[in-house]
Every structure is written in C-alpha cells, then in structure tokens.
1. Quickly estimate the mean residue ellipticity at 222 nm for the chain, helices only: each DSSP H run with n ≥ 4 gives -39500 (n - 2.57), and the total goes over all residues, rounded to 500.
2. Which of these, 135, 223, 363, has the largest mean-square fluctuation under a Gaussian network model of the chain (Cα springs below 10 Å)?
3. Evaluate 2.2 N^0.38 Å with N set to the residue count of region 261-396, then give the Cα radius of gyration divided by it.
4. Which value results when the Cα radius of gyration for region 260-304 is divided by 2.2 N^0.38 Å?
5. Quick check on region 118-157: what does the Kirkwood estimate of hydrodynamic radius come out to from the alpha carbon pairs, in Å?
6. Multiply the residue gap between residue 312 and residue 34 by 0.36 nm, knock off their C-alpha separation, and tell me the result in nm, one decimal place.
7. Under a GNM of the chain (C-alpha, springs under 10 Å), which listed residue has the highest mean-square fluctuation: 89, 341, 381?
8. Using alpha carbons only, how many degrees (0 to 90, rounded to 10) separate the axis of helix 138-149 from the longest principal axis of the chain?
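Readers should treat all values here as calculations from the given coordinates under stated rules, not as data from a laboratory. Here the structure is a predicted model, which is why all the values come from computation and not from measurement. Cβ coordinates were reconstructed from backbone atoms using ideal geometry, including for glycine residues, and neighbour counts include every protein chain displayed.
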Ligand code: SAH
C-alpha cells in the first residue's frame, strides 16, 4: 500500500487543521479527488497548491470524508506500519497502567488508528471498527492483535456510530470463541461480570474507572443514588468504600440483573442496595414529590447529544436531571454529575449545571473535575477525543 498515489485535493485555505495534525477532513474542505475512490481506501491529501499534507483513509459515505493518520510523505503505509501503530498503543497502556487487566488498548484517532477501539478484559478482547478504513482493515487488525497479544478470544461489538459511516451492524466472534457466559474482571480490587457478546458499548464502562477511584474518599456512611447505574460499577465502588446504602436506577432490566450479580459477587448483602427499573427523569420527579432525600447522587447518563445539532435539546435534558438531583440532596450533599456527549464541551456542561443549581435554589461548589481515564488519552491536536466530563459538587 506504500505505493498508493491517489490524491484528495483540498480547497484553498482549508489546509490549516491538517497542517496542525488535526485528523478530520470534512466534505466542505475538499475540492476534488480522483474518481472511483473506495470507502476505506488510503489517499494522499494535498493542499490546493499541491503541497503534500497527510495520509488519510477515505469514506465517501461520511461527513468526515477523510481521516488522516500520518503526516510524513515518506511513510510506507503497509501492514508493518499498522502493526507498529497497534504495538505502540498497547505499549502506552502497559507503561501508564501496568496493573490494569480491564483496559482500553486502542482509542481510535487518539492512538493514530482512526475508528478502531480495542478493549482488553483479561485474556479476551473486544473490538469495534467505527470507520470505513478501520472496517476495511479489520481482518488484518485481528491478525496483528492475535500475534501481539495471543488473546483467548476477540469479540466484535456493534455501535450506532457505524450507521453514520454507512457501515452495517456488526457483532460476534472474530477470533477464538468469546465466552457465551459473562466473564469476571477486576477493577481496583473489585470484581465485575462483563458480557463479551451482549451488554452495551464494549461491555463495561472503562472510561469511568479513574472516577470510581477518585470518589473513594466521599462515600463513607452515605445514602447513595446511582442514577443510570448500568451494571452497578459505581455502586460496588461506593459500598466497598463504606457507603451505607446504594439505590441503582436504570431502564434496562438486564443491566440491573447484572448489577445485582456484581453486588453479590463483591459480598454486599441485599440490605445495602436496591435496584429500581425506572426512567430516571420520571423517578427523580416522583422522589421530589415524595420528599425523598439522598447524601450523594451520581448522574451518569448515556450520550444525550450524538452530534452538534442535538446540543440544545441535550442541554435541556442535562439541566433537567441535574436540577432534580440537586433538589433531592440533603444539605452538605454531593452531586457527581457526568456527560459523555462529545458535542457538549466542558465549559458548557458546567454552565448547564450552574443553571440547574440556580433554578433549584441551591448553592453548589465544585470539589473535583472528572474526565476520561488515562487509557482514553486526548491528543492535543485532536481535542474532539475528549468526550467525558464531570463535576463533583458540594451542595449548600
Ligand atoms: N454509570 C455506568 C454507565 C452508565 S451507561 C457505569 O459506570 O457502568 C448509561 C445507562 O443509562 C445505561 O445502562 C442505560 O440503560 C441507562 N439509561 C438510558 N436512559 C435511561 C433513562 N431515561 N432512565 C434510566 N436509565 C437510562
């Protein structure tokens, strides 16, 4: 592939982001490209004056028409190149997080591998290809991972983002036999079931691992509401650090069953937790009307804004749940509130929570800022890689 010489030419004045090593080339920045470029094909991106800019993968079916991954014209983009990229990405985790057995090994653009997500759960891997380029290289990627890590199995996980790239749904075994039953992984000494073939995203929210640890000093003796609990990872962390009681709320009965299993697996008796299958928006209102109170509320909702056009509607939804949660907190209570919408920037999120506090008539102080863990790094040249943000607020 090192001899590829198809070119994609940018419009005048549209080359600055690429020169600054930002990987995304939007359709509006493109003047022309050599015809019959296929989805997933590798192209050379050049400026309007013909200056060489980057190697990129092309996708005619995406708003992000090309994703750059290398900026040196002499680079030979062959299988050895991709294997080195994978090895380097894995090596960064081994250096930064040597003791973690559940860890994101590859975080797409942030690791110079557009559209590729690889999570490790002990001996098993979960993989997602979210762009045409990553999709086209999937079988080679699997071969490299097998060679580099000798995993027991690799399972493919679907994601709605694939649709935006014109890719069909995809899930199931890619290598070996991913266990049909949930496996047990460890995080900070706690144990969790992970369903490699079912469950959400890649099975477990690894991006919150550092935040579960960061909250450790605050749980003792508290009555905790874990809203959008999924499989109860925050609940286990809370009870392990001495929380008096945790209520998990989620709309997914399946996730709550797993939460119950996780709590039992870690030795917490049913008196210390409650699982409630309910819509958080409705349940918080019910509790408000009943005058129910908590000492610590976690709000970790799914992505409310999938793209910039949904920001306004998402902002209203974030404000609504935060406003309600603030009203349920006892004086001196703590609100741990998150947003994993990439389109809602950190400053905006803080303003939303501020608006919620104003409307709730509660004074609130930020104690801690949260973000995604070190296995979800953010390239300075690609700030869009930062999607998870959160605040721990003490409420007056
Ligand atoms: N905090 C979890 C991850 C939460 S993911 C962890 O650390 O593992 C978001 C969860 O919100 C999912 O489990 C999803 O089923 C749930 N969910 C989505 N919309 C909801 C709603 N309106 N009410 C309750 N739960 C909802």
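1. Calculated mean residue ellipticity at 222 nm is -8500 deg cm²/dmol.
2. 363
3. Cα Rg divided by the expected 2.2 N^0.38 Å: 1.12.
4. That works out to 1.40 for region 260-304.
5. 10.2
6. 96.2 nm
7. 381
8. Tilt relative to the chain: about 70 degrees.
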